[in-house]
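Enquirer: This is the structure I want to talk about, given as structure tokens.
The values are calculated or read from the model by the stated rules, or taken from the named source; none is laboratory data. Everything numeric here is computed off the predicted structure, so don't read it as measured data. Neighbour counts run over all protein chains shown; Cβ positions are idealised from the backbone, glycine included. Just so you know, the surface numbers come from the protein's heavy atoms only, side chains and all, with ligands and any DNA or RNA stripped out. Shrake-Rupley method; radii C 1.70, N 1.55, O 1.52, S 1.80 Å.
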Amino acid sequence: MKHIWLWLRKCDLEIEHHQANDEGKNTASLNAEFKRLTAPEIEEDVRFQEQVGALLDKTDALPVRPDYPFNEPSDLAGIWTQRPEGPRTLELKHDSDAVLDRIHGAWLGRCAGCLLGKPLEGKKTTDLWPLLKAAGKSMLDDYVWKLSGAEKLNIDVAALNKLRHMPEDDDTNYTVTGLAIVDGAGMGFTAETVADFWMNNIPLLHTCTAERVAYRNLTNEIPPPRSASYRNPYREWIGAQIRADFFGYVAPGNPELAAELAWRDACISHVKNGIYGEMWVAAMLAAAVVEKDPLRIIEVGLSEVPQRSRLAEAIRDVIGWFADGKSYADVVALVHQRWDENNPHHWCHVISNAQIVAVGLLWSEKNYETAITRAVYPCFDTDCNGATVGSIMGMSLGAKALPSKWTAVLNDTLQSGVVGYHTARISELAAKTLEISRRT
């Protein structure tokens, strides 16, 4: 059987070449082999699969350059030794009703932010920005299907206008997956628990990029954490970061625990910065129950990841832009100078999108609408970034403070692909989250 989702392809090699260089490996000795195997005349047959697999093994074995300036472990103990000082836990002064409102806000905020970005997934600034200009707008101010001329984006405007719930999306599926895992296995779940849940509950072809490769590895009895690195060119893409949220929801006021839970989830499919993205977001969410200041929330999140990592450096760059008083337009331009939205490795990488998450939060003016629209406007992975920023802002502000303009369309209803949660009340998911967080 030859299936595009299961076979290694030329694009996998192109991504691997970028990825290995990102990690500080000198690939010069393999450049000729990369060039040969990505030539147009190469057929994707069994022999090609064997050759590509062998080349991926060679890049995996390459050492990191001695002059590489970053220290990026993937194991939890190694990550802990490389963290800066942090609060680890925060005093949670809210009563049960207030905590529930925050968790409910996070679920709602994630859904609405995801829904804003979902129709724009895969679109570029050359698609969105001219449309906004033609409509006389400088920024998104509502769901995109309500924008004049939205049909030019090749989206089903009529169907979107009829929405009365949050439709299934991988960003929200993984949030529900986190709930189902912790509900079933408790806070002591392991990476193996996550792997078993995936194979028992998530169809293989419903996964993408790093998760799809990890799933393939798991079915070939390659256990975590090796399942994350074996022939996986997408090991630092955004996939783990979008799985972070529930682990922050279930550890309110405890960013260290949230980050640890996120690590257990991330390590089955990602390494290094791919893992750090999930830990950073989970820790921010745990902190956002207590903290209102987006800068403080981001800093608490950073205290749970290695300070000499590429992700931490990139987020500190964004913090520096904010401290320098740069405008939102200026920082969007800076992101696009560093990352090429037409390069799939940049478009879906954890660090490029983490920078956009940080921009959405810091330039939010502590306003939910401003945050999610400014997270989606730069494009890149729009539904992921809208969901993450919406989740953090929802946790910080609480459900009662979120504008009905963004939440009413959800009708308290989320559809997912997770068994037992195909149609769920968002308010009930929030209540369930609080109940799980209080179990011994």
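Enquirer: With 10 Å bins from zero, work out the P(r) of the chain over every alpha carbon pair and list the percent per bin.
Expert: Per 10 Å bin, starting at 0, the Cα pair percentages come out as 5, 23, 33, 26, 12, 2, 0.
Enquirer: Distance between Cα centroids, the range 340-373 to the range 216-253: provide it in whole Å.
Expert: 21
Enquirer: Given springs between every Cα pair under 10 Å in a Gaussian network model of the chain, which of 352, 309, 391 has the largest fluctuation?
Expert: For the chain, modelled as a Gaussian network with Cα springs under 10 Å, the answer is 309.
Enquirer: Filter 118/432; 124/152; 93/405; 162/432; 118/152; 123/405 down to the pairs with a C-alpha to C-alpha distance above 19 Å, please. Let's see the in-between values first.
Expert: Working: 118/432 26 Å; 124/152 13 Å; 93/405 30 Å; 162/432 29 Å; 118/152 16 Å; 123/405 24 Å.
From the list (118/432; 124/152; 93/405; 162/432; 118/152; 123/405), the Cα-Cα distance tops 19 Å for 118/432; 93/405; 162/432; 123/405.
Enquirer: Something else now. Sum -39500 (n - 2.57) across every DSSP H segment of at least 4 residues in the chain, then divide by the residue count to get the 222 nm mean residue ellipticity, nearest 500.
Expert: -17000 deg cm²/dmol
Enquirer: Which percent of the accessible heavy-atom area of the chain goes to carbon and sulfur, probe 1.4 angstrom?
Expert: For the chain, the apolar C and S fraction of the accessible surface comes to 51 percent.
Enquirer: A further question follows. Give the cross-link partners of residue 35 among the lysines, using a straight C-alpha distance below 26 Å as the criterion and excluding same-chain residues fewer than 8 apart.
Expert: 2, 10, 25, 58
Enquirer: Right, next: With a 1.4 Å probe and all protein chains left in place, how much accessible area per residue does the chain have, in Å²?
Expert: 38
Enquirer: If each of residue 185 and residue 293 carries a label point 7 Å out from its Cα toward its Cβ, how far apart are those two points in nm?
Expert: 3.7
Enquirer: Can I ask one more? Within the range 336-418, which GluC sites (Glu not before Pro) sit in a loop by DSSP and count at most 14 neighbouring Cβ atoms inside 10 Å? Can you show the working numbers first?
Expert: On the way: sites: 341, 365, 369; in loops: 341, 365.
In loop regions of the range 336-418 (DSSP not H, G, I, E or B), the sparsely surrounded GluC sites (Glu not before Pro) are 365.
Enquirer: Report the extension gain between residue 92 and residue 196 in nm, rounded to one decimal, defined as 0.36 nm multiplied by the number of residues separating them, less their alpha carbon distance.
Expert: 34.1 nm
Enquirer: With a 10 Å cut-off between alpha carbons and a GNM built on the chain, which of 336, 206, 349 moves the most?
Expert: The residue with the greatest mean-square fluctuation here is 206.
Enquirer: Below 16 Å, Cα to Cα, which aspartates and glutamates can residue 326 reach? Residues fewer than 8 away in the same chain don't count.
Expert: Residue 326 reaches 317, 365.
Enquirer: If you keep only loop residues by DSSP, which trypsin sites (Lys or Arg not before Pro) in the range 243-297 have at most 14 other Cβ atoms within 10 Å of their Cβ?
Expert: Passing both the DSSP loop test and the Cβ count: 292.
Enquirer: Collect residues whose amide H, placed 1.01 Å from N in the peptide plane, falls under 5 Å from the amide H of residue 413; neighbours closer than 5 in sequence don't count.
Expert: Here the answer is 166, 426, since their amide H atoms fall under 5 Å of that of residue 413.
Enquirer: Kyte-Doolittle cut-off 0.5, length cut-off 27 Å along the helix's own axis using Cα: show which whole DSSP H helices in the chain pass.
Expert: Working: long enough: 96-117 (32 Å, 0.54).
Qualifying helices: 96-117.
Enquirer: Hey, another quick one. What percent does the relative contact order of the range 80-185 come to when contacts are Cα pairs within less than 8 Å and at least six residues apart?
Expert: 24
Enquirer: OK, next. By accessible area of protein heavy atoms, probe 1.4 Å, what ranking do 347, 237, 80 get, highest first?
Expert: Largest to smallest exposure gives the sequence 80, 347, 237.
Enquirer: I would also like to ask the following. Using a Gaussian network model on the chain with a 10 Å cutoff between Cα atoms, which of 373, 89, 81 fluctuates the most?
Expert: Checking each option, the largest mean-square fluctuation is seen for 81.
Enquirer: Could you give the size of the charge dipole of the chain about its Cα centre, using +1 on the Cβ of each K and R and -1 on the Cβ of each D and E, expressed in debye and rounded to the nearest 20?
Expert: 520
Enquirer: Considering all alpha-carbon pairs of the range 1-81, what whole percent are spaced by more than 21 angstrom?
Expert: Cα-Cα pairs of the range 1-81 separated by over 21 Å account for 38 percent.
Enquirer: Expressed as a rounded percentage, what relative contact order does the range 1-113 have, with Cα pairs under 8 Å and six or more residues apart?
Expert: Details: 48 pairs, mean separation 28.5, N = 113.
Across the range 1-113, relative contact order equals 25 percent.
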